[in-house]
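Asker: Structure provided below as structure tokens; questions to follow.
The values are calculated or read from the model by the stated rules, or taken from the named source; none is laboratory data. These numbers were taken from a predicted model, which means no experiment stands behind them. A quick note on method: Cβ atoms are made from the backbone with ideal geometry, for glycine too, and the neighbour counts reach across all protein chains shown. Just so you know, the surface numbers come from the protein's heavy atoms only, side chains and all, with ligands and any DNA or RNA stripped out. Shrake-Rupley method; radii C 1.70, N 1.55, O 1.52, S 1.80 Å.
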Amino acid sequence: LLIQITDAIRAVDTNHTIFVQGGYYGSSLDGLVPPWDDNMVLCFHKYWEPTAISSIQAYINASTQYDVPVLMSESGENSNPWFFDFVNTLESNDIGWIWWGFKKIDLISSAFSAFVTPDYQYVINNFRDSPIDGTQAFKGLMECATNMQSALCAFDPGWYGALFSADFGTTPQPFVNVSLPGRIQAVNYDIGNNGVAYYDVRAKNEDGLYGAPYNNGYKYRNDGVDIYANSDPQSVGFHVGATDNGEWLKYTVNVQTTDNYRTSFRV
């Protein structure tokens, strides 16, 4: 089928590059090599696997053997540390990448996450194999479309930092502006890689689709830190939990006055 499509394109267009990808969720090279066109790129997807070069060695080998470019055309659904490490592996081997995706609904694995309204939750619960009220469904879908505006979404700057910031792997950056004297929320630790802004014993999912989570609470931020929702009126609505020996968090603060400070911790 891909060869037939290529032939149809080349009948009217000999200029543009053809991008092709294989089966098994875009991970297989079966049938893609040897290339059948002189201006072709082999694409692959990669999820929930180790970020080491071994995960992409087959594509590197194909690129070298057949003198054809390769592109990692879809990835994501993992922690910011996984993003950072995998992008470094790709770029150090001259492989371009495309991420999926920067805006999602009620997920932390994106830069922007839209909030789910009760009417949109009704759509989620009833869109398949259930009678559904058209008026309520329409209302829920319109609410979802409205909530997808970036200004109305939850934002995690660490997502962009992991993909684009050279400092992510070396220098922590403030997540929010905090001045002392004042209150530091535990979940507002710095932006940076695992071992730079924080340390968590499990910061990535490299065990496949149903592997153990990197953020046990799966809330607020896309890091290895385990963050849970709560209703504590003295918090931002989230707390850090499931701590293990040796784990730590780092905070950047602006000290307004040089003095001796009294500290207290809410645990």
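Asker: Here are the criteria: (1) touching a residue at least 12 places away in the same chain (Cβ under 8 Å); (2) within 18 Å of Ile108 (Cα to Cα); (3) open to solvent by 40 Å² or more (accessible area, probe 1.4 Å); (4) in contact with a Gly (Cβ under 8 Å, 6 or more places away or on another chain). Tell me which single one Asp223 does not satisfy.
Answerer: It fails just one condition, (3).
Asker: Further question on the same structure: Quick one: which residue in Ile108, Ile53, Ile98 is closer than 21 Å to Gly158 by Cα, loosely packed, with under 14 Cβ neighbours inside 10 Å, in contact (Cβ under 8 Å) with a residue 24 or more places away in the chain and among the aliphatic types (A, V, I, L, M)? Full working, then the answer.
Answerer: On the way: Ile108 fails: loosely packed, with under 14 Cβ neighbours inside 10 Å; Ile53 fails: closer than 21 Å to Gly158 by Cα.
Checking each option against the conditions leaves just Ile98.
Asker: Checking the structure you have, find out if any residue of segment 153-175 is closer than 23 Å to Gly241 by Cα, open to solvent by 40 Å² or more (accessible area, probe 1.4 Å) and free of Cβ contacts under 8 Å to residues at least 24 places away in the same chain.
Answerer: The answer is no, given that none of the residues of segment 153-175 is closer than 23 Å to Gly241 by Cα, open to solvent by 40 Å² or more (accessible area, probe 1.4 Å) and free of Cβ contacts under 8 Å to residues at least 24 places away in the same chain.
Asker: Exactly one condition in (1) within 23 Å of Val20 (Cα to Cα); (2) open to solvent by 30 Å² or more (accessible area, probe 1.4 Å); (3) assigned to a helix (DSSP H, G or I); (4) not hydrophobic (A, V, I, L, M, F, W, C) is false for Tyr122; which is it?
Answerer: (1)
Asker: Answer yes or no: is there a residue in segment 8-18 that is under 22 Å from Asp94 (Cα atoms) and either in a loop (DSSP other than H, G, I, E, B) or touching a residue at least 60 places away in the same chain (Cβ under 8 Å) (or both). Don't jump to the end; show me each part of the working.
Answerer: Taking segment 8-18 as the starting set, the residues that turn out to be under 22 Å from Asp94 (Cα atoms) are 16-18.
From what's left, either in a loop (DSSP other than H, G, I, E, B) or touching a residue at least 60 places away in the same chain (Cβ under 8 Å) (or both): 16-17.
Checking segment 8-18: at least one residue is under 22 Å from Asp94 (Cα atoms) and either in a loop (DSSP other than H, G, I, E, B) or touching a residue at least 60 places away in the same chain (Cβ under 8 Å) (or both).
Asker: Since Thr64 meets every condition but one in (1) under 30 Å from Asp223 (Cα atoms); (2) open to solvent by 70 Å² or more (accessible area, probe 1.4 Å); (3) β-branched (Val, Ile, Thr), which condition does it not meet?
Answerer: So the condition that Thr64 fails would be (1).
Asker: Please determine whether any residue of segment 148-164 is closer than 20 Å to Thr117 by Cα, in contact with a helix residue (DSSP H, G or I) (Cβ under 9 Å, 6 or more places away or on another chain) and of a type in the set (S, T, N, Q).
Answerer: No, segment 148-164 contains no residue that is closer than 20 Å to Thr117 by Cα, in contact with a helix residue (DSSP H, G or I) (Cβ under 9 Å, 6 or more places away or on another chain) and of a type in the set (S, T, N, Q).
Asker: I've got another one for you. For segment 102-113, check the following and say yes or no: at least one residue is among the β-branched types (Val, Ile, Thr) and farther than 30 Å from Asp167 by Cα.
Answerer: No.
Asker: If you take the residues of segment 136-161 that are part of a helix (DSSP H, G or I) and small (Gly, Ala, Ser), which of them is nearest to Ser109 (Cα to Cα)?
Answerer: Quick first cut of segment 136-161, residues part of a helix (DSSP H, G or I) only: 136-147, 150-152, 157-161.
Filter once more, keeping what is small (Gly, Ala, Ser): 137, 140, 145, 150-151, 158, 161.
Working: Ala137: 26, Gly140: 23, Ala145: 19, Ser150: 15, Ala151: 18, Gly158: 10, Gly161: 13 Å.
Only one residue fits best here, namely Gly158.
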